[in-house]
Amino acid sequence: MALTPEQITAAHKANIETLFGLTTKAFEGVEKIVELNVAASRAALAEAASHSQALLNVKDAQELLALQSSFFQPLAEKTAAYNRHLYNIATSTSAEVTKALESKAGEFQQGFNSLVESTAKNAPAGSETAVAVMKSAVSAANNAFESVQKAVKQASDLAEANLKAVTTTAAAAAQAPAARTKA
């Protein structure tokens, strides 16, 4: 079975549309990260200016220590929040790209399987062994692809669990000095 020029053109057009769609999703993710960094930089600059003004009004060492403590205590919480937001952007962008790629991979797999079946039906007599080997190879490749997808999903879930644990630990560590200061 030979592909017609129309089928080749349609496949090429679909691949280009997919490429541009994935590129757009990637740029959207980068844009969100840039917006996050600009917002974080603005907030850090405003806090630094405010802290500098407060430092100029310090009257004694105890007031200086209290001011420094109040400045650094929320830093861990802000860092954890920034990292959570960054992680959310990365995972949502990754999920969108993965979904699109899995869809295209599924379409490709179905098309390839149809081609293999069509070739097998039209194979000359005596080529049953070669057809069986080809079907076996396709089946093995499909199984390997599914195994890789499962491994990537498990690694992603593990990374998410680790990030949550680190965030919880950082937030608890940031709150511990505050609890001691209030006591």
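The values are calculated or read from the model by the stated rules, or taken from the named source; none is laboratory data. None of the values given here were measured: they were computed from a predicted structure. Neighbour counts run over all protein chains shown; Cβ positions are idealised from the backbone, glycine included. Just so you know, the surface numbers come from the protein's heavy atoms only, side chains and all, with ligands and any DNA or RNA stripped out. Shrake-Rupley method; radii C 1.70, N 1.55, O 1.52, S 1.80 Å.
General remarks:
Residues are listed down the side, and each one gets a yes or a no for (1) over 28 Å from the mean Cα position of the chain (by Cα); (2) touching a residue at least 60 places away in the same chain (Cβ under 8 Å); (3) closer than 30 Å to Phe145 by Cα:
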residue	(1), (2), (3)
Thr4	yes, no, yes
Asn37	no, no, no
Lys59	yes, no, no
Ser69	yes, yes, no
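- Pair list, Cβ under 6 Å, 6 or more apart: the stretch 74-94 residue touching a residue at least 24 places away in the same chain (Cβ under 8 Å), other residue open to solvent by 70 Å² or more (accessible area, probe 1.4 Å) and among the basic types (Lys, Arg): Ile89/Lys32
- Note on the stretch 53-65: among residues that are open to solvent by 60 Å² or more (accessible area, probe 1.4 Å) and part of a helix (DSSP H, G or I), the one that is farthest from Ala172 (Cα to Cα) is Leu56.
- Candidates Ala90, Ala95, Ala43, Ala80, filtered to the one that is modelled with pLDDT of 90 or more and within 27 Å of the chain's Cα centre (by Cα): Ala43
- Selection count, the stretch 125-140, where residues are among the β-branched types (Val, Ile, Thr) and closer than 14 Å to Leu115 by Cα: 2
- Residue satisfying all of: in the stretch 115-130; open to solvent by less than 70 Å² (accessible area, probe 1.4 Å) and without any contact (Cβ under 8 Å) to a residue 40 or more places away in the chain; nearest to Phe27 (Cα to Cα) among these: Val116
- Residue match in the stretch 35-57 (condition: under 30 Å from Asn143 (Cβ atoms) and not acidic (Asp, Glu)): no
- Screening Asn88 on (1) open to solvent by 70 Å² or more (accessible area, probe 1.4 Å); (2) farther than 21 Å from Lys164 by Cβ shows it passes everything except condition (2).
- Looking across the stretch 119-158, the residues that are closer than 30 Å to Lys78 by Cβ and modelled with pLDDT of 75 or more come down to Ala155, Asp157, Leu158.
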